[in-house]
Amino acid sequence: MLALTELGQRLRQERESKGLSLEDLQKLTKIQKRYLLGIEEGNYEVMPGKFYVRAFIKQYCEAIGLDTDAIFEEYKSDIPSTQTEDIPQQLSRVRSRKEIPQHTKGVSKAYDYLPTVLVVAGVVVVGIIIWVIAQNIVSDKNKEQANQEAPNSEVQQSNTQEETNETTAKNDNSTSEDDQSAADKKEKEKAEREKAEKEKAAKEKAEKEKAEKEKKDSGKQEYKEVQKTGRSATYALSGTDAFNLEVTSTQADTWLDVKNGKGNAFFSSILKKGETKEFDLTKETEARVNIGYSPGVELKVNGKAVDLPFDSSKQVRQVVTIQYQPAEAQ
């Protein structure tokens, strides 16, 4: 096993302090586990190319909440510079074609085809003879069959009438059963519609009550930007007696760290795709939200959606600090 570099030791310690395994980190960064292990061990030879070394280290740092610029500056001796790799050129090869020799034309060529012509003519003659014989056999069989069917026509007609009567009776029974089945189906559909309408009405009523409550609670709520620098931004929340925070990740797993102003953690782990975490911070005066992978992350304060401070396509890791002053204290 290779000896860890100073950078590799720092990254591994930071990852383990977050409680993340290499498998967890692979899900967050979409980088194969063997490349992540290579970064920790300083074994950059396992990378697909030297160009990827810096890019993979940058994604590793952002996923565990480290400042990439500071890491690159502090450990620049451990990180190789980007080099352009030569791509070997492939030479095309042209295969020569062989010339097809031309046969000379002459009288002897006609003699070469004579046996073939004779064989084809013989086959045609034999085919005609077989066809004539077959036509005679078919004609005799048709006459014989007609003679046999004549005496039995009355019996067949009687059988056909009986089969028709049986079929009619079966169809009548089937129609009766189908009518009953259709009636049952309509009754069932009616019951399902009534149930769906009741559930819809109850859901709409609950949503309306919730919206009225949120509107009442946040009628005077103010959420405004105080300062913004680097990848961090500070906001002031006032005009409300509640401080409820919701964080949802809609695109991918992300590292989420939520602490109060004293540094006590409410959550410090992976927020999985499609998962929502809710925090009641009403008793706190400040909350710090550290988002490792911001694309697709949504924030709500007291049920009201608020924008992230930075464009997530340009700033993947973002830190949002919310200072809270209750309305009754103002």
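The values are calculated or read from the model by the stated rules, or taken from the named source; none is laboratory data. On a predicted model such as this, the values are computed, not experimentally measured, just so you know. For neighbour counting, all protein chains shown are included, and Cβ atoms are generated from backbone atoms with ideal geometry for every residue, glycine included. Just the protein is used for accessible areas: all its heavy atoms, side chains included, with ligands, DNA and RNA removed. Shrake-Rupley method; radii C 1.70, N 1.55, O 1.52, S 1.80 Å.
Any residue at all in segment 268-278 that's surrounded by 12 or more Cβ atoms within 10 Å (Cβ to Cβ) and of a type in the set (A, V, I, L, M, F, W, C)? The answer is yes, given that some residue of segment 268-278 is surrounded by 12 or more Cβ atoms within 10 Å (Cβ to Cβ) and of a type in the set (A, V, I, L, M, F, W, C).
Residue-wise test of (1) closer than 27 Å to Lys210 by Cα; (2) of a type in the set (Lys, Arg).
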residue: Glu286; (1), (2): yes, no
residue: Ile291; (1), (2): no, no
residue: Lys304; (1), (2): yes, yes
residue: Ala327; (1), (2): yes, no
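Among the residues of segment 2-22, the ones that are open to solvent by 80 Å² or more (accessible area, probe 1.4 Å) and part of a helix (DSSP H, G or I) come to 5 in all. Filter segment 318-330 down to residues that are of a type outside the set (A, V, I, L, M, F, W, C) and open to solvent by 20 Å² or more (accessible area, probe 1.4 Å) and give me whichever is nearest to Gly263 (Cα to Cα). The residue in question is Thr321.
Limited to segment 213-245, what total is found for residues that are open to solvent by 50 Å² or more (accessible area, probe 1.4 Å) and either of a type in the set (Asp, Glu) or modelled with pLDDT under 90 (or both)?
Qualifying residue count, segment 213-245: 11.
Among what's in segment 249-267 and is assigned to a strand (DSSP E or B) and of a type in the set (S, T, N, Q), pick the residue that is surrounded by the fewest Cβ atoms within 10 Å (Cβ to Cβ). It comes out as Asn260. Selection of segment 221-246 for residues being without any contact (Cβ under 8 Å) to a residue 24 or more places away in the chain and part of a strand (DSSP E or B) yields Glu222, Lys224, Gln227, Thr229.
Across segment 287-310, the number of residues qualifying as surrounded by fewer than 16 Cβ atoms within 10 Å (Cβ to Cβ) and either touching a Cys at 6+ places or on another chain (Cβ under 6 Å) or closer than 15 Å to Glu225 by Cβ (or both) comes to 1. Only one of the numbered conditions (1) open to solvent by less than 70 Å² (accessible area, probe 1.4 Å); (2) under 33 Å from the mean Cα position of the chain (by Cα); (3) at pLDDT 90 or above; (4) farther than 22 Å from Lys273 by Cβ is violated by Arg54, and that is (1). Close Cβ contacts (under 6 Å, 6 or more residues apart or on different chains) running from residues in segment 119-137 that are on the phi > 0 side of the Ramachandran plot and charged (D, E, K, R) to residues that are modelled with pLDDT of 70 or more and surrounded by 10 or more Cβ atoms within 10 Å (Cβ to Cβ) are absent. Residue selection: Val94 fails the criterion of being out of contact with any Gly (no Cβ under 8 Å at 6 or more places or on another chain), open to solvent by less than 100 Å² (accessible area, probe 1.4 Å), at pLDDT below 85 and among the β-branched types (Val, Ile, Thr).
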